[in-house]
Structures are given as C-alpha cells and as structure tokens.
Amino acid sequence: MSKIDRRRFLELSGAGTGAVLAGVVTPAESHGAEPTPTPRRAPFVRSGQAPDVCVIGAGVFGMWTALYLQRLGASVQVVDLYGPGNSRATSGGETRGVRTSYGDRPHGIQWARWANEAIKRWKQWDEENAGGGVAPFFYTTGDLILRAEPQPYLDRTKALWDELGIEYEEPSMDVVAREFPQIRSDDMTVALYEPQAGVVRARRSIESVAHVFEREGGTITIGRAAPGRVEAGRLLDITVDGGDPISADVFQWACGPWLGKVLPNPMGNRLRIPMGHVFYFGTPPGDSSFNWPNFPSYGVPGCTGWPALPPDHRGFRVRTGGRSPEDPDVSSRAMIPEEGFQRGLDFVKERFPALADQPILETRACHYESGPSRNFVIDLHPDWQNSWITGSGSAEAFKQGPVLGDYIAHRILDDDLEPELAEGFRIPEETYDEDPGG
C-alpha cells in the first residue's frame, strides 16, 4: 500500500485540522544550531480493518501518544501487560514534579521549552477533566532550588529561563528562611525559585488519560506483547498472551523499563533502569505548613521532593538515592534496602527537623530509564520501517507528557512538528558494556 499524505489521511478519516488539541507545539527557533539530516520516515496507511496504530505500553509515552493519534483521526489500540497507572510502571508513582530547570542538560533549551508548555497543558487537562467530584491532577507549588555555593548549572538554568521568558526569582537566603522556615537552609548560599512549577498526581492522571482515550473510542488490551511476524522489513503483527495476534499498519513500542527486554535488539544494551527511592512522611497533626500550598517543591543536593497534596493526603514527599538496575518483572516497588531507608530518615532529620519524629506513611521504589545520550529516544526501529521506539525517559518524560505525546503522534503521522529535534532523539550509537536491564 502506498503512503497517504497527511491532508488525504485527514479527509479519509473524517478529521480536520480542528481535531488537533489546542496549543500544538510550534517549531523551535534554531538557536544557531546546524541543520540536521532529514529524519527517517515511517509509512502511514489506513487499511480500514486492523487499527492504524498499535501502541505497546500504557504509560506516559504510550497513553498520551495514543490519545493524540486518536484525536488526529487514527484508529488506535493500546496493549499493556498490567494496565494504565499500574504500580510497576514508571508512570505508576503517586506524584511527579514538573519544572523547567534543565541547565544541567545539553538539550536543556528544548526540555525547558517543552516542560513550560506542558505546565499549560496540565492545567488545560484539569479544566477539561477535573471537577464534579474529580480532584485536580496538577497543583502549582513553585519550585525552590537551594545550593551551598554558586554552580554552572544554576547559571545555565537562568540563561534558559531568560531566553524562553520563563518567570523566576532569586530570593536571598534571608527571604528563604523567612518564607520557608520548614526547611533548614542556614548552610545554603544560593536560591532559585520557579513560581509556575508544580506537581502532578501521576497514577491518577495516566488513568484519566486512559479513561478519556477509551471514552473517545480507543481500545486497551491487557496482556504481554511481543513482536510477531516480520516481512520485507515491516512488522506485521504482535503476539499477545492469551489472545489473538494484533496486526496494524504502524507500531509504537513504549515499554518503559521493559523496553530492553521486549526489544533486546536494539535497546538491550542502550538503556539503564535504576531504582529510585521515595518516602512519604506524615505531617504533624494540626500543622499544615508541609501541605500544599504552604510549601513548594524543592531540590537540594541529594534530594528532591514536595508538599503533601490534599486529595490523597499521602504525606510529604522525599526522594533520595536509589539502587542498581533490576529486572522490572520481579523488582520490588515497595521494599527499600536498610541503607536506603536510613538515608531517607537522616535527610529528613537534617533538612526538615519538624518531621524527624513523624511516621513514614509509604515508601515506593520505581524504575527510571535513561540512555547514553541522556535524552529521550523517539526513533524508528533499525530493522522494521513501520515500528517506532519511544522511551529512555530519563526521569523527566512524565513531566512533559502532554507535549511529548503530541510530538510523537505527529511524527508517526509523518507530520513532524519540529524536524530539527529528530537527530537528538535517535537511538544512541553508544552502548553500555553490559546489558543493564537486570
């Protein structure tokens, strides 16, 4: 079958340009960058029988892309082993912070721009899907960064903010001590504050995206998926445990920490999946100073976190270090090793003394996926011309989810919104010495 151009596709599917969600990402300015090679393109055809696109993985990469594809007129089926928002998924955590302070990344300008746009879209999602008994998904907390001394990371972050017109403040340490006495800051000398940053109820939001996707006609199948038949450089179908094979014109592999297991070639030695440790501390009875909106999200050396959010009341969130990669099928998402547990306790005693005697209400350990480039992977499979690989979220993909899914959906439809970014999203040539997937 020949490829259908985008205008013709929209005519056949009954969709028009108005079907695109509001606020589509506009192409970035070049910022003096060298022209990038023309990206490889996947053929997109509409068979009228099988789904146009089969998305494997119902996390942030998969569900947001599936929703955008569907709203652009495609027929979409999602397959996931455990379902949207499940506790094993990277996107299955209770909360995720959204900030734009990416001065530590070589691609920081792009991530900061997308994250800034994502904040607007998270708020739009609340306007459309919260209320009527459904609690908001996004909470504007502001984000406070504290450091003991000036750092290039802070200077580069401010430069990004200045270039993009993102609001920020540089409070003195006297102001920090007065406004946020909850955190011990007497050993810090530098502070940055981003007022528009916030926190998303992660698991609930992915469930919400999945609900809207199904309500608008999408299909979600629960089962373990694996590549099926391949012919002439095209993947014809996938196998699903306990069900019939699923064929499609295009496939998107969005398997999170399972990506290296499901696609050992090419991703098996191009992905690390360490575990991050998260603690939710109880707040003192009758004391709301550690609850939203009375305290911001924060980043200090060795730890990030944010206030307790009122809908779930899970507690004050603290994320310290983590542990080495493990097999995502068997790794424990609840148990934290004794040394990691003690690290969380010690941090709270040092930085938040008012919480030192409070109970730990919950602990979580979740996988993070990153590759040699430290950027996302959004690229065609090197051997299957109709299969997209999306992942390597680098602990930041969830925050940018509404924009990320929009971008990927347009790439799949051969309508690249920002072609200058494609080179940075290629599958890295570099590999790790050993398969780091557990």
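Annotations
- Of Tyr407, Tyr153, Tyr82, the one that fluctuates the most in a GNM where the chain has Cα springs shorter than 10 Å: Tyr153
- For the pair Glu339 and Arg178 in one chain, pulling the backbone fully straight at 0.36 nm per residue adds 54.6 nm over the alpha carbon distance.
- Extension gain, Thr189 back to Leu417 (0.36 nm per residue minus Cα-Cα distance, nm): 77.9 nm
- A Förster radius of 25 Å, combined with the Cβ-Cβ distance separating Asn265 from Lys120, puts the computed FRET efficiency at roughly 0.05.
- Within the shell of other residues whose beta carbon sits under 11 angstrom from the beta carbon of His107, the net charge comes to 0, with Lys and Arg scored +1 and Asp and Glu -1.
- Percentage relative contact order, the chain, counting C-alpha pairs under 8 Å, at least six apart: 23
- Comparing the chain with the 2.2 N^0.38 Å rule of thumb, its C-alpha radius of gyration ratio is 0.98 (two decimals).
- Mean-square fluctuations from a GNM of the chain, with a 10 angstrom spring cutoff on Cα atoms, peak among Asn116, Asn265, Asn386 at Asn265.
- Rounded to whole Å, sorted largest first: equivalent-ellipsoid semi-axes of the range 292-380, Cα gyration tensor: 26, 17, 14
- Local electrostatic count, Gly393, Cβ distance below 14 Å [Lys/Arg +1, Asp/Glu -1]: +4
- Over the chain, DSSP H runs of length four or greater, each weighted -39,500 (n - 2.57), average out per residue to a 222 nm ellipticity of -7500 deg cm²/dmol.
- Relative compactness, the range 321-438, computed as alpha-carbon Rg over 2.2 N^0.38 Å: 1.41
- When the chain is treated as a Gaussian network with alpha carbon springs shorter than 10 Å, the biggest mean-square fluctuation among Gln151, Gln182, Gln358 belongs to Gln151.
- Size check on the range 80-201: the Cα extents along the three principal axes, sorted descending, read 45, 33, 29 Å.
- Only Cα pairs under 8 Å and 6+ residues apart enter the sum, and on that basis the relative contact order of the range 275-367 stands at 42 percent.
- Extension gain (nm, one decimal) between Arg147 and Ala159, 0.36 nm per residue minus Cα-Cα: 2.6 nm
- Electrostatic tally near Asp357: other residues with Cβ closer than 15 Å to its Cβ, Lys and Arg +1, Asp and Glu -1, net -1.
Read-outs throughout are calculated quantities, based only on the coordinates presented, and are distinct from any laboratory measurement. Bear in mind that the values here come from a model prediction, so they are computed numbers and not experimental data. When we count neighbours, we look across all protein chains shown, and the Cβ atoms used for this are built from the backbone with ideal geometry, even at glycine.
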